[in-house]
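These notes concern the structure reproduced below.
The values are calculated or read from the model by the stated rules, or taken from the named source; none is laboratory data. Please read these numbers as outputs of a predicted model, since none were measured by experiment. Reconstructed Cβ throughout: ideal geometry from the backbone, glycine too, with neighbour counts over all protein chains shown. Calculation scope for accessible area: heavy atoms of the full protein, side chains included, ligands and nucleic acids excluded. Shrake-Rupley method; radii C 1.70, N 1.55, O 1.52, S 1.80 Å.
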Amino acid sequence: MIGRMTMMLGALACGGAALAQQGLGSQGNAMTVGVMQDRAANGPAQALFVEKCAMCHRQMGMGTVILSRRMPATQAMLEQRTDLTGDYVRTVVRTGMGNMPRISRGEVSDRQLDTIVGYLTERRP
Amino acid sequence: MSIPDIRPALKDFAAAIGAQNVFFSDEDRAAYSDHFAADETRHRPGAAVAPGSAEEVQEIVRIANRHRVPLWTISRGKNFGYGGAAPVAKGSVVLDLTRLKKIEIDEHSGTVLVEPGVGFFDLYDHIQQRKLPLWLSVPGNSWGSVAGNALDRGVGYTPFGDHAAQICGLEVVLPTGDLVRTGMGAMAGSPNWQLYRNGFGPGWDQMFCQSNFGIVTKLGLWLMPEPEAVLGYDIEFDKIDDLGWAVDTIAALRREGVIRQSPSMGNWLRSAAVMTTRSQWTDSKGALGEDAITAIRKRFNIGWWSVQLRTYGHLDMAEAAMRVIDRAFDGKAVLAKKPKRWSRGETPEGTPFSGVPVTFPLANANWHGGRGGHIGYSPVLPARGDLAMAQFRRTYALYEKYGMDYHASFSFGERSLTNVNQLLFDRDDPDMMGRVDAMFRDLVRDAKANGYGEYRTHIDYMDLVASTYDFGGGALGKLNRTVKDALDPNGILSPGKSGIWPSHGGARA
């Protein structure tokens, strides 16, 4: 299990895509934007998401930052989405989307992708 | 160049490492292509194989030799500005080492032995979970491999930021399939493999950097003991010409060891391209004009140039270094000089200056909206202010000539300066992509005319850059080829890497 390792800084501490906008949308030099990404996980499925996806899809990840430009704040953090389907996640991972590169099966196996899909779709109503 | 039918080899690969680890569908081949390319098919591999152990790497190499099939080795394949996972020679089989993820840390000595699949976030998590008092040095975009980045001579922002210089001991699969360990690792059971670089006789670690002479399956690296304090300044400069005196000031501090990290002095676009998109500033084509530059600087409250200086270590030492830095900048006009101070027990700065991995800087791929990317152009020059200014003026003129937005920094080595440029582009704009290629060739020509060479380059330009290292009629290139042919007689390992091609084999220039 991946242990809790950091606290998020300041405005980033509340969670949500708006935070990415707060962190990057205001004044200041991009070289000194501080971010301590929450790397915690509960259970193996979330741990796999953290290992494979969180670097870009949690707070201040490249994916979160770019997604927050074109969708509502609550949509930019994948773990807060309730509308993701398995087919959609699989397609985006394997074919890429916008600035997201394709993720190879060497990096994320089909079985691992099934686990991540399960985690990201469990919040569907 | 021609590559033989790889299908018989794929069968043997599948028998050796399992069919589930051999990938050759169109979707798989696309996943190992150059993600930033206008035409991803130019460097599309024929297949990819992902072994799970050094023994499996050895077996793959033996099979590749039997079938004369070229392999293109990647660690994690995230070096996007330089071609990502894609091979120089189209049709090569990508040897993807991302499944090799072992981490062995010697806490007492401050060293780590990593396999190539270990990313910066993996190693960071490993250290944090165990609460080890060790800091990483990470590049500005930290999703890549720790070993791969060091082997490609990547750089970070702490005193351990010259990553290739921190290498201490390798395990390497040679092109014949034999396994060697370098330095003290050549002695079975040595406790000094990650402690003493040279061993006895010739040292080979650097031979496997940016080369195609072997496949590194383990890499020893020195880590920075957690400092007691990190002090520094974030400095903004108002005028373009401030670059000259600032380079002379900082270079002296770097030579003397007052500053032991590699500061990077960059322009306003570094902030704007990460935090915003171009359409927020202008609808006009061509390089950004003065109005937009002024608006960007005002919005982010930044200078034409910015630099971050940091000193690390015991508080007494860091404070003493800060006093020297103060004296060095005394009486010199800066726009802002904001002090930074961290001491043990506080939350770290949360940037690469404190070894924290981040990925958001690559949001600059979205600068033009749509599907973007960048290509790196990074010539090395002497750490002198007058030469830095001249370099800036010539390069800036080329950005304007080709209608590209100036995105550059000057990174301080101990004796040299690397002018890191990122040409930010929209890969769905064919006209722009054509200009990028022409501009890149012009930039290389300009650097060569001044005696400067690039330290690293994209797969499209490896032959071009190698050709600029031309002393003695290209004597270095001849030496590289002699070594290549001796170690890899069938020419199967990463043909074309760094402009090194085999004389014989399935893929040769």
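Checking the conditions here, which among B:Arg310, B:Arg323, B:Arg344, B:Arg327 is in contact (Cβ under 8 Å) with a residue 40 or more places away in the chain and farther than 20 Å from B:Arg270 by Cβ? Can you show your working first?
Values: B:Arg310 fails: farther than 20 Å from B:Arg270 by Cβ; B:Arg323 fails: in contact (Cβ under 8 Å) with a residue 40 or more places away in the chain; B:Arg327 fails: in contact (Cβ under 8 Å) with a residue 40 or more places away in the chain.
Just a single option satisfies the conditions, and that option is B:Arg344.
Within the group B:Arg297, B:Arg323, B:Arg270, which residue is open to solvent by 10 Å² or more (accessible area, probe 1.4 Å), assigned to a helix (DSSP H, G or I) and over 30 Å from B:Arg371 (Cα atoms)?
On the way: B:Arg297 fails: over 30 Å from B:Arg371 (Cα atoms); B:Arg270 fails: over 30 Å from B:Arg371 (Cα atoms).
Answer to the selection: B:Arg323.
Would you check which residues across segment B:381-397 are within 15 Å of B:Tyr452 (Cβ to Cβ), touching an Asp or Glu at 6+ places or on another chain (Cβ under 8 Å) and buried (at least 19 other Cβ atoms within 10 Å of the Cβ) and list them? If you could, list the steps in order and put the result at the bottom.
Keep residues of segment B:381-397 that are within 15 Å of B:Tyr452 (Cβ to Cβ), which gives B:381-384, B:386-395.
Restricting the remaining residues to those that are touching an Asp or Glu at 6+ places or on another chain (Cβ under 8 Å) gives B:384, B:389, B:394-395.
If the condition is that a residue be within 15 Å of B:Tyr452 (Cβ to Cβ), touching an Asp or Glu at 6+ places or on another chain (Cβ under 8 Å) and buried (at least 19 other Cβ atoms within 10 Å of the Cβ), then B:Thr395 is the only one that fits.
Return the residue satisfying two criteria in turn: it lies in segment B:236-267 and is open to solvent by less than 30 Å² (accessible area, probe 1.4 Å) and of a type in the set (D, E, K, R), and of such residues it is nearest to the other protein chains (Cβ to nearest Cβ).
B:Glu236
Sort through A:Ala17, A:Ala11 and tell me the only one that's modelled with pLDDT under 95, in contact with a Leu (Cβ under 9 Å, 6 or more places away or on another chain) and open to solvent by less than 10 Å² (accessible area, probe 1.4 Å).
Working: A:Ala11 fails: open to solvent by less than 10 Å² (accessible area, probe 1.4 Å).
Answer to the check: A:Ala17.
Can you name the residue in segment A:93-125 that is touching a strand residue (DSSP E or B) at 6+ places or on another chain (Cβ under 9 Å) and under 17 Å from B:Ser25 (Cα atoms) and is also most open to solvent (accessible area, probe 1.4 Å) among such residues?
Across segment A:93-125, the extreme among qualifying residues is A:Arg105.
Based on what the data block shows, is B:Phe120 more than 17 Å from B:Ala31 (Cβ to Cβ), touching a residue at least 60 places away in the same chain (Cβ under 8 Å), in contact with a Ser or Thr (Cβ under 6 Å, 6 or more places away or on another chain) and open to solvent by 10 Å² or more (accessible area, probe 1.4 Å)?
Numbers: more than 17 Å from B:Ala31 (Cβ to Cβ): yes; touching a residue at least 60 places away in the same chain (Cβ under 8 Å): yes; in contact with a Ser or Thr (Cβ under 6 Å, 6 or more places away or on another chain): yes; open to solvent by 10 Å² or more (accessible area, probe 1.4 Å): no.
Taking the combined requirement at face value, the residue does not satisfy it.
Which numbered condition in (1) out of contact with any Pro (no Cβ under 9 Å at 6 or more places or on another chain); (2) open to solvent by 20 Å² or more (accessible area, probe 1.4 Å) is the only one that B:Val155 fails?
Answer for B:Val155: the failing condition is (1).
Is at least one residue of segment A:103-117 of a type in the set (Gly, Ala, Ser), facing chain B (nearest Cβ under 7 Å), under 27 Å from B:Gly81 (Cβ atoms) and not in a loop (DSSP other than H, G, I, E, B)? Please lay out each step first, then the result.
Taking segment A:103-117 first, the residues of a type in the set (Gly, Ala, Ser) are A:104, A:106, A:109.
Filter once more, keeping what is facing chain B (nearest Cβ under 7 Å): A:104, A:106.
So of that shortlist, the ones also under 27 Å from B:Gly81 (Cβ atoms) come out as A:104, A:106.
From what is left, the residues that are not in a loop (DSSP other than H, G, I, E, B) are none.
No, because not a single residue in segment A:103-117 is of a type in the set (Gly, Ala, Ser), facing chain B (nearest Cβ under 7 Å), under 27 Å from B:Gly81 (Cβ atoms) and not in a loop (DSSP other than H, G, I, E, B).
Go through segment A:79-93 and give me each residue that's touching a residue at least 12 places away in the same chain (Cβ under 8 Å) and within 14 Å of another protein chain (Cβ to nearest Cβ). Can you show your working first?
Narrowing segment A:79-93 to residues touching a residue at least 12 places away in the same chain (Cβ under 8 Å): A:79-86, A:89-90, A:93.
Within segment A:79-93, A:Arg90, A:Val93 qualify.
Please specify each residue of segment B:334-344 satisfying the condition of being outside any strand (DSSP E or B) and either β-branched (Val, Ile, Thr) or open to solvent by less than 80 Å² (accessible area, probe 1.4 Å) (or both). First the steps, then the outcome.
Step one: filter segment B:334-344 for residues outside any strand (DSSP E or B), giving B:334-335, B:344.
Hit for segment B:334-344 is B:Val334, nothing else.
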